[in-house]
Amino acid sequence: MFKNILVPVSSEFYSKQVVYRSIQLAEHFKSTVTLLYIIEEKTIDQTERLTDAHRAYYDRIETQKDLMRKQQLTATQIVFDFASHLFEQKGLRFHHLIQYGEFSDVILDEIQKKKYDFVIMGYEKECMLHYRLLDELSVPIWIEINKSHEPRILGICTNLAPNQLAPMLSKEISKALDWELLLYYIMDRRDPVAVDTYGIRSSEKTLDELDAERQRFIEKMKEQKINIETVVGGLEQEIMRKARKYDPSIIILGREQKRKGALGLPYGNIKRKLMEKCKYSLLFIN
Amino acid sequence: MPFRTLLSFQDRKLTWKNIFIFLFCFLILFIFYLIPNPAGLEYGGKMMIGVLITAAILWITEPIPLAVTGLFIMILQPLLFIMSAEEVFTSFGNQAVFFLIGAFIIAGAIEKHGLHRRLALGFLKRFENSPRSFTFGIMISCAFLSFLMPEHGVAALFVPIVTSILIAMRIMPRDSNFGRISMLAVAYGCSIGSLGTLIGGARNPLTVSELAHIGITVSFFEWMIMSVPVVLIALPLVWFILQLAYPIEINDIGMAKQEIEQQVLLQGKISKNEIKVALILAFTICLWILFSQYTYFGLAGIALLGGMLLFLTDTINWKDVERKIPWGIILLYGGAITLGFGMKNTGAGSWIATLILSNVNGNPYMILLAIIVITVLLTNIMSNTGAVAVLLPIGLAIASEIPDISPLLSAMLIALAGGLAFIFVIATPANAIAYSSGYFSMRDLAKTGVVANLICIFILFAIAIFYWMGVLGL
């Protein structure tokens, strides 16, 4: 299913857990994993900006070179070395590379250059991540949060997202990791639209129409032996409520298309909010 | 090679945010221009407060480099008819500027010949007994070197050295408390050490210069007598906080020893030039300690003499000076000094002090504590020198209103508290340089930074009362 997995790690934030997770998935899907170490441009620039009055230009250049050299060494002698050892033990295909740039830009650039079909990365709120990455990526992105939870998957379908991938992928990952699967269809009555398979929102629907759509979807899933329970309420609130109740190791969500506010601005980026508030790993399927 | 380096720095762009900040600053100045002069303050004083607020906003938000804000402050004063251009630029030309230039020449020679690296490795070698003592060694080494050269240079020297050691020890970034403490020790060691002498940070000569404007002379040695106890008490306590916050998980320091050994070997034998620089440095420090209080010698004269000796012994040349002197700090300093001069001359400083004192309880101890706390808060969100520049004129004016607080006491509190930027990465270059290693998170820094700041506030307050006031009679 996932032939090429990209695992970007930043010089600003590195978590061993993403490497372990990529090994777990690569073992099941027989994937090739590429570990991409990104020397974060913003931290180097931040250092430069803060020292520009205090240190001479040539000294700053030297410091920048020094810092980047050390980050390269950290990547090759520690991060790659550690990962290579684990991948070799499991007999998995593994590549690694170093890039310099802004974390989100480098990932997007790399995905354009090579055909990756899955991304796994760590996350820390204080780090310099552009949240647009989550919307611009055309492949599923797994955000690994370094905390242990129950071996359970919380798969979310909703009237606000195209649901063709989320249930299938949830099932597949549940099989791969041997985790219990809980699937919910959240019907957001405050935003009564349906989103088609291309991610396009319909015009406003009546609650009966929404309910009929939901019913059709659940029936279709039943035919494929996937059971989905229904919940009515706000998408973000219900996800959090269910997550707190079941303490899942991962929450899987499709490309939600929430109502836009004035000037086409979203009322709130659900992905961003989930990442910032949520202590569970997330898988966004775009 | 998949790795591409971008060695040209990204310039600050004229973004909408920056334009907005500028417009906001002009709006503030315009409002100050329109409002009537408050009782007890003339036009110049009123506008000077506007300039002070503008400077604070620009130093916090940094839409332009800090040094350019320094220039902006200088030109605003004559442009707004606060002071004549003659007065403004004359206030810039004082001996502290030349002290900084001389000190930078000496620091440049130290760096050119790698004497700082040799000293750093020599120090670290003495702390190889255990991981704990090693982290203490890093702090002490950084602090000691920050006595001899600017703290930012020390941080830039130590971060690669410590990273090499951590790599040799196979310490994974973010995965080890030892890695975390080692890097935090660099950041905090440099900041604390920079309080110790006039060379450590530009805010120190700035303070001496502001004091000179009101007729108080502080020599190199007198500064050390006041500040070194703070360093000696703060260093072990902050180190202890680090140990409590992040218990070290490793026992073996063998790989670190080997790496230091290897780096010492790479340094080779001490060169003739290193010996010359070391001797000139020692000679200059002796002169600073013994003679800087004499009017006909002074801090700047000795610093420049040291610089001259480096030229005469061929240990530095003009090209090195051009490469090594950060003119930005001189301009930032210029802006800061003219700001203080303007605040004093227009009566704006006294007016703010009167306003503050009429609204708060005049208990001198509470005021001293408030001065420290406000300075620490401000230095954590803006440049250290900027924070000291903004607060010094007000602090000196407050001291002139309260008999129990001497201007020297107030100025020293602001200068030393100005170096305690422990909480945020953006607070000081040393934090940012250490953070770029990837071994600690912003949360780690904030967690220990808050506690370290509280402890240091207490230390500074206690030293001010029991040592400066009680023993030294400040």
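Using 1/(1 + (r/R0)^6) with R0 = 25 angstrom and r between the beta carbons of B:Leu290 and B:Leu312, what's the FRET efficiency to the nearest 0.05?
0.75
Can you sort A:Arg93, B:Arg180 from fewest to most other Cβ atoms within 10 Å of each residue's own Cβ?
Result, fewest neighbours first: A:Arg93, B:Arg180.
What number, in percent, do you get for the relative contact order of chain A if the mean sequence gap of Cα pairs under 8 Å and at least 6 apart is divided by its residue count?
19
Going by a ≥ b ≥ c, the root eigenvalues of the Cα gyration tensor, does region A:210-253 fall in the rounded group (a/c under 1.5), the prolate group (a/b larger than b/c) or the oblate group?
Here region A:210-253 falls in the oblate category.
Quick one: divide the alpha-carbon radius of gyration of the protein assembly as shown by 2.2 N^0.38 Å and tell me what you get.
Compactness ratio reported: 1.08.
Name the residues whose placed amide hydrogens come within less than 5 Å of the amide hydrogen of A:Glu12, ignoring near sequence neighbours (fewer than 5 apart) on the same chain.
The list, which skips near neighbours in sequence, is A:Glu40.
Would you mind calculating the relative contact order of chain B from Cα pairs under 8 angstrom and at least 6 residues apart, reporting the percent as a whole number?
Rounded, it is 23 percent for chain B.
With n ≥ 4 as the cut-off for DSSP H runs, can you work out [θ] at 222 nm for chain B, using -39500 (n - 2.57) per run divided by the number of residues, rounded to the nearest 500?
Computed ellipticity for chain B at 222 nm equals -23500 deg cm²/dmol.
Give the shape of region A:149-284 as rounded, prolate or oblate, defined through the alpha-carbon gyration tensor: a ≥ b ≥ c are the square roots of its eigenvalues, a/c under 1.5 means rounded, and otherwise the shape is prolate if a/b is larger than b/c and oblate if not.
Cα axes put region A:149-284 in the oblate bin.
Given the options A:Pro8, A:Ile285, A:Gly101, identify the residue whose Cα lies farthest towards the positive end of the charge dipole of chain A (+1 on Cβ of Lys, Arg; -1 on Cβ of Asp, Glu).
A:Ile285
Taking +1 at the Cβ of each Lys and Arg and -1 at the Cβ of each Asp and Glu, which of A:Leu183, A:Pro162, A:Phe217 sits farthest along the dipole of region A:152-250 towards its positive end, judged by Cα position relative to the Cα centre?
Farthest towards the positive pole: A:Leu183.
Which value, in debye to the nearest 20, gives the size of the charge dipole of chain B about its Cα centre, when Lys and Arg are +1 and Asp and Glu are -1 at the Cβ?
Charge dipole of chain B: 1000 debye, to the nearest 20.
At A:Arg201 and A:Arg132, where each label point lies 7 Å from the Cα along Cα→Cβ, what is the point-to-point distance in nanometres?
Here the modelled spin labels are 2.0 nm apart.
Based on alpha-carbon centroids, what's the gap between region B:140-182 and region A:1-48 in Å, whole number please?
The distance from the Cα centre of region B:140-182 to that of region A:1-48 comes to 26 Å.
Would you mind counting up the charge near B:Leu396? Only other residues with Cβ under 9 Å from its Cβ, with Lys and Arg at +1 and Asp and Glu at -1.
Once positives and negatives cancel, what remains is 0.
Please average, across the residues of B:170-177, the number of beta carbons from any other chain that are within 10 Å of each residue's own beta carbon, and give a whole number.
Mean shielding by partner chains, rounded to a whole number: 5.
About its Cα centre, how strong a charge dipole does region A:111-154 have in debye, to the nearest 20, once Lys and Arg get +1 and Asp and Glu get -1 at the Cβ?
Roughly 180 debye, rounded to the nearest 20.
Taking H placed 1.01 Å from N in the peptide plane, check which residues at least 5 places from A:Ser281 or on another chain put their amide H under 5 Å from its amide H.
HN-HN under 5 Å from A:Ser281: A:Ile145, A:Ile251.
Straight-line reach from A:Lys222: which aspartates and glutamates have a Cα under 19 Å away, not including same-chain ones fewer than 8 places off?
In chain and number order, the partners are A:Glu172, A:Glu180, A:Asp211, A:Glu213.
Where does each of B:Leu244, A:Leu177 land when they are ranked from fewest to most other beta-carbon atoms within 10 angstrom?
B:Leu244, A:Leu177
Quick one: of the DSSP bridges fully inside the protein assembly as shown, what percent are antiparallel, nearest 5?
10
For every other residue with a beta carbon closer than 12 angstrom to the beta carbon of B:Ile248, add +1 if it is Lys or Arg and -1 if Asp or Glu, then tell me the sum.
That works out to 0.
Using a 7 Å offset from Cα along Cα-Cβ at A:Lys30, what residues in region A:91-135 end up with backbone N under 14 Å from the label point?
Residues A:92-93 qualify, since their backbone N sits under 14 Å from the label point.
Could you work out the mean count of beta carbons from other protein chains within 10 Å of each residue's beta carbon in A:8-14?
Taking the mean over all residues of the peptide, I get 4.
State the extension gain, in nm to one decimal, for the chain segment bounded by A:Asp208 and A:Lys90, taking 0.36 nm per residue of separation less the distance between their alpha-carbons.
37.3 nm
So if we plug the beta-carbon distance of B:Phe26 and A:Arg241 into 1/(1 + (r/R0)^6) with R0 = 56 Å, what FRET efficiency do we get, rounded to 0.05?
0.70
Specify the angular offset, from 0 to 90 degrees and rounded to the nearest 10, of the alpha carbon long axis of helix A:166-177 from the longest principal axis of the alpha carbons in chain A.
Taking Cα atoms only, the helix is inclined about 60 degrees.
When N counts the residues of chain A, how does its alpha-carbon radius of gyration compare numerically with 2.2 N^0.38 Å, as a ratio?
Scaled against compact globular proteins, the figure is 1.10.
Which of the trypsin sites (Lys or Arg not before Pro) found in region A:42-73 are in a DSSP loop and have at most 11 neighbouring Cβ atoms, other than their own, within 10 Å?
none
What does the structure give for A:77-85 when I average, per residue, the other chain Cβ atoms found within 10 Å of the residue Cβ?
2
Starting from the Cα of A:Lys277, step 7 Å along the direction of its Cβ; do the same at B:Ile19; then give the gap between the two resulting points in nm.
Calculated label separation equals 3.5 nm.
Please name which of B:Ser383, B:Asn317, B:Ala370 has its Cα lying farthest along the dipole of region B:310-421 towards the positive end, using unit charges on Cβ (Lys, Arg +1; Asp, Glu -1) and the Cα centre as origin.
Comparing the listed Cα positions along the dipole, B:Asn317 ranks first.
Starting from the amide H of B:Asp175, placed 1.01 Å from N in the peptide plane, find each other amide H under 5 Å away whose residue is 5 or more places distant or on another chain.
The list, which skips near neighbours in sequence, is empty: none.
Sticking with the crude label model, points 7 Å out along Cα→Cβ, report the distance from A:Leu177 to A:Glu150 in nm, one decimal please.
Each label point lies 7 Å from its Cα, and together they span 1.5 nm.
Is there a quick way to get the dipole size of region A:4-143? I mean about its Cα centre, with the Cβ of Lys and Arg at +1 and of Asp and Glu at -1; what is the value in debye to the nearest 20?
Roughly 480 debye, rounded to the nearest 20.
Neighbouring Cβ atoms within 10 Å as the yardstick, rank A:Tyr198, B:Tyr43, B:Tyr435 fewest first.
So the ranking, lowest neighbour count to highest, is A:Tyr198, B:Tyr43, B:Tyr435.
Lys and Arg at +1, Asp and Glu at -1: add these up for the other residues within a Cβ distance under 10 Å of A:Ile156 and post the number.
-1
Within the set A:Lys30/A:Lys258; A:Lys42/A:Lys175; A:Lys175/A:Lys271; B:Lys17/B:Lys112; A:Lys42/A:Lys271; A:Lys113/A:Lys225, which residue pairs have Cα atoms separated by over 32 Å?
Check vs 32 Å cut-off fails for A:Lys30/A:Lys258; A:Lys42/A:Lys175; B:Lys17/B:Lys112; A:Lys113/A:Lys225.
For region B:270-417, what does the relative contact order come out to in percent, with C-alpha contacts under 8 Å and a separation of six or more?
Relative contact order, region B:270-417: 21 percent.
How do the peptides A:219-228, B:333-342, A:132-141 rank, highest first, by the average count of neighbouring beta carbon atoms within 10 Å per residue?
The peptides rank, most packed first, as B:333-342, A:132-141, A:219-228.
Work out how far the C-alpha atoms of region B:140-244 reach from end to end along every principal axis, then list the three figures in whole Å, largest first.
Principal extents (largest minus smallest coordinate, Cα): 55, 25, 17 Å.
Read the figures in this text as sums done on the coordinates, not as results from a lab. Since the model is a prediction, treat every value here as computed from it, not as a measurement. Cβ: placed from backbone, ideal geometry, glycine included. Neighbour counts: every protein chain shown.
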